[in-house]
1. Kindly indicate which of ALA144, ALA126 is at pLDDT below 70 and either of a type in the set (Ser, Thr, Tyr) or assigned to a helix (DSSP H, G or I) (or both).
2. Every residue in region 211-226 that is over 22 Å from LEU199 (Cα atoms) and either in contact (Cβ under 8 Å) with a residue 12 or more places away in the chain or among the hydroxyl-bearing types (Ser, Thr, Tyr) (or both), please.
3. For ARG171, all conditions in the list (1) modelled with pLDDT under 95; (2) over 18 Å from GLU93 (Cβ atoms) hold save one; what is the number of the exception?
4. Has region 317-333 got any residue that is surrounded by 13 or more Cβ atoms within 10 Å (Cβ to Cβ) and over 30 Å from HIS189 (Cβ atoms)?
5. Out of (1) more than 23 Å from SER230 (Cβ to Cβ); (2) surrounded by fewer than 18 Cβ atoms within 10 Å (Cβ to Cβ); (3) not aromatic (Phe, Trp, Tyr), the odd one out for LEU177 is which?
6. Under 9 Å by Cβ, and 6 or more places apart or on different chains, what pairs join a residue from region 267-294 that is in the same structural domain as LEU313 (by TED's automatic domain parsing) and in a helix (DSSP H, G or I) with one that is modelled with pLDDT of 90 or more and among the β-branched types (Val, Ile, Thr)?
Amino acid sequence: MGNEELKNYIEQSRKAGMGDAQIGDALRGAGWSEPMISEAFGMFTEPVTSSAQQTGGGMGLQVLSMPPRTIGRFKASKLIAISSWNILKQDKEMLFFPVFAVLADIVILAIAGALYYFVFGGDFKALSSVGDSSSPKSDPFFTAVVLALYFLLFFIATFFQAGMVSIIRGRLYGQNLTFGDGMKNAARHIGKIFLWSLLSASVGVILQSIAERSKLLGRIIVWILGSLWSILSFFVVPVLIMEDISLFGSLKKSASVIKKTWGEIIILDVGVSFFFMVIGLLAALVFIATLFTANFLIILISGILLAIFFMLLLVISSVLDVIFKVVLYQFANTGTIPQGFSLELMRYAFKSKK
């Protein structure tokens, strides 16, 4: 049954303009074994290259019906990370965006800390006294300062994410954009980025303020509300950059895409995070093993390498997360996916509720 299904799929994909290399990648991503794929291609006499490649078109491909193949959540998360990595390899400049975002955050926090301590004579120890009426946290001025700080951090994060979205979108349409192109396009949307950052910061400060003044049940409710907000706004940044609609229209659009997936995208996103956590844990175990050598130099070098590895892992995972969001949003809007992403994987992410 499997070979006949694969043969039909290959025929349909070729008619849609896909090349054999693209078809093979899609089938491997969907979980089909190499021997079965080779045998199915062996039923045909000549290989075919994609019409998109022949005409120099972009990476978008029409979604076809693929032979059913079960994909577990962990395997799906792994495939997402690998497929996103394939796009990152073509636009390595995207790695600069989270790096510069972190550097900007450090500068903002350092300036804020210096102003709080040296100019306003603040006491950092007093910040830990939650619920105390004498705590700076009870001061409306302090709340306004925190809101401003939240806003700046959200703005920086969103601005650099917008730059990544611009480059990824360009790649989906066959463009090879640079870091500068991404920054310029983010600057073109600075008004919407400003409003979204202000809204996000306000929601964050309000929820945090309520949580600090609530008991256990209240904190649980606030956590639920915060999680719901994060889920509904999952696609907001891609929508802000890729669509010509308002801020609240973008939030509504993001929520509608999430509803299509019945939360499966969130589960997959968590699965991708778990995938990188496993990689990080394995690296930590290697470092722990060096502790048994009792050699200070080996332990020191291993510790430095582990810290560098963790930083690289965080940078790469943050970029891959944005790539995944853009690809999924593009799929939800147009039904097309870039070369290297599995058609079945996209359909898995958009499973409808039965």
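1. ALA126
2. SER214 - this is the single residue of region 211-226 that is over 22 Å from LEU199 (Cα atoms) and either in contact (Cβ under 8 Å) with a residue 12 or more places away in the chain or among the hydroxyl-bearing types (Ser, Thr, Tyr) (or both).
3. Exception for ARG171: condition (2).
4. No, the conditions are met nowhere in region 317-333.
5. (2)
6. PHE276/ILE316; PHE287/ILE299; THR290/ILE298; THR290/ILE299; THR290/ILE301; LEU291/ILE299
The values are calculated or read from the model by the stated rules, or taken from the named source; none is laboratory data. Just so we're clear, the structure is a prediction, and the values are computed from it rather than from any experiment. Cβ coordinates were reconstructed from backbone atoms using ideal geometry, including for glycine residues, and neighbour counts include every protein chain displayed.
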